[in-house]
1. Could you list all residues from segment 221-270 that are more than 16 Å from ligand 1 (Cβ to nearest atom) and on the phi > 0 side of the Ramachandran plot?
2. For the subset of segment 123-150 comprising residues that are part of a loop (DSSP other than H, G, I, E, B) and crowded, with 19+ Cβ neighbours inside 10 Å, which member is farthest from the chain's Cα centre (by Cα)?
3. Tell me, which residue of segment 76-96 that is within 12 Å of the chain's Cα centre (by Cα) and under 30 Å from residue 3 (Cβ atoms) is surrounded by the fewest Cβ atoms within 10 Å (Cβ to Cβ)?
4. Go through segment 142-176 and give me each residue that's more than 19 Å from residue 115 (Cα to Cα) and either more than 9 Å from ligand 1 (Cβ to nearest atom) or in the same structural domain as residue 55 (by TED's automatic domain parsing) (or both).
5. Sort out which residues of segment 256-275 are within 16 Å of ligand 2 (Cβ to nearest atom) and more than 17 Å from residue 56 (Cα to Cα), and write them in order of number.
6. Run residue 102 past the list (1) in contact (Cβ under 8 Å) with a residue 60 or more places away in the chain; (2) crowded, with 22+ Cβ neighbours inside 10 Å; (3) not in a strand (DSSP E or B) and report the number of the one that doesn't hold.
7. Out of the residues in segment 245-255 that are surrounded by fewer than 24 Cβ atoms within 10 Å (Cβ to Cβ) and within 15 Å of ligand 2 (Cβ to nearest atom), state the one that is farthest from residue 229 (Cα to Cα).
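The values are calculated or read from the model by the stated rules, or taken from the named source; none is laboratory data. Predicted model only: the values in this text are computed from it and were never measured. We place every Cβ from the backbone using ideal geometry, glycine too, and count neighbours over all the protein chains shown.
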Ligand SMILES: Nc1ncnc2c1ncn2[C@@H]1O[C@H](COP(=O)(O)OP(=O)(O)O)[C@@H](O)[C@H]1O
Ligand SMILES: [Mg+2]
């Protein structure tokens, strides 16, 4: 019997639905369950052929277990090695190389020294920084946000130098990026599963959290949706993620990749709505079963270049990305019920007032 395990945190709806969906198919030799682990021994292979990981970004013990599991032949969705190595600045840089539009972005030295470091540790840093050059390149308005962020934590919308410095002063020892704000006409969130299936969801980040997945969006241009889909696939194929949400802000008709390091994307029924929820449960069930059925687990080569997806020639592979079946179609979801748990405030650079609340999963 090949087992598919689901590893999860605070979320309530997706893990159970995924296990049920897989088991309801009554596939010979395949069953799904929640992962249960204690102390992990070096010499014992884990019980699961496939593990769907929804939480190891928050729990180092799980991340270490998953790397060990890969070594012993388990297929983990998503690759825990690349997830550990990834960061958002690298991702924008990669997008630009792949021909996917990314807003002008810089990473900045930490405002405060990371623990255990002093000014002596910083002797390679230019001081003072050439702020004029930074602002000339990025422009205002802009977003100041962490290179390893999620859930809108420590994201600041800044409109001037003064607001920027107020926000930067609050950024503690985080590594922050300053990125030009896209004055968007449309905003999309795309589920990408198995590096081949895409679901484009119209999303309005300017609305209150519970209403962001737009129920009845006005139809978007086919050509634009085609590009969004191709770009979403390109990014996930290059990064090697089998499950991801890719966000695009469309400015002047160009979809700019904004946030595409979401390897445990929000899949909560109450947040994404019924139709999107059913789609993602089905798609991840298909993927997990496909991986479990594979005669031999596909163990990627874990030298650094392999981190950029399975293909050795990342750019070439991405350039030949196939559009998925749903090309040219945007879908909407029902308005979500307000999520009760795991909310974080987005601070405005103006006086640190919360602007919005969102789930902490992404
Ligand atoms: N360059 C940008 N242009 C326009 N909106 C942005 C930009 N960067 C971030 N945002 C807004 O801030 C939100 C949070 O930023 P994001 O990069 O998605 O970080 P997180 O990983 O915390 O979700 C986005 O959903 C979007 O609404
Ligand atoms: Mg985001």
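1. Result: 240, single match.
2. Among residues in segment 123-150 that are part of a loop (DSSP other than H, G, I, E, B) and crowded, with 19+ Cβ neighbours inside 10 Å, the one farthest from the chain's Cα centre (by Cα) is 149.
3. The qualifying residue surrounded by the fewest Cβ atoms within 10 Å (Cβ to Cβ) is 86.
4. Residues satisfying the conditions are 144, 156, 158, 159, 160, 161, 162, 163, 164, 165, 166, 167.
5. Step one: of segment 256-275, the residues within 16 Å of ligand 2 (Cβ to nearest atom) are 256-268, 271-272.
If the condition is that a residue be within 16 Å of ligand 2 (Cβ to nearest atom) and more than 17 Å from residue 56 (Cα to Cα), then 256, 257, 258, 259, 260, 268, 271, 272 are the ones that fit.
6. (2)
7. If we take residues in segment 245-255 being surrounded by fewer than 24 Cβ atoms within 10 Å (Cβ to Cβ) and within 15 Å of ligand 2 (Cβ to nearest atom), then 249 is farthest from residue 229 (Cα to Cα).
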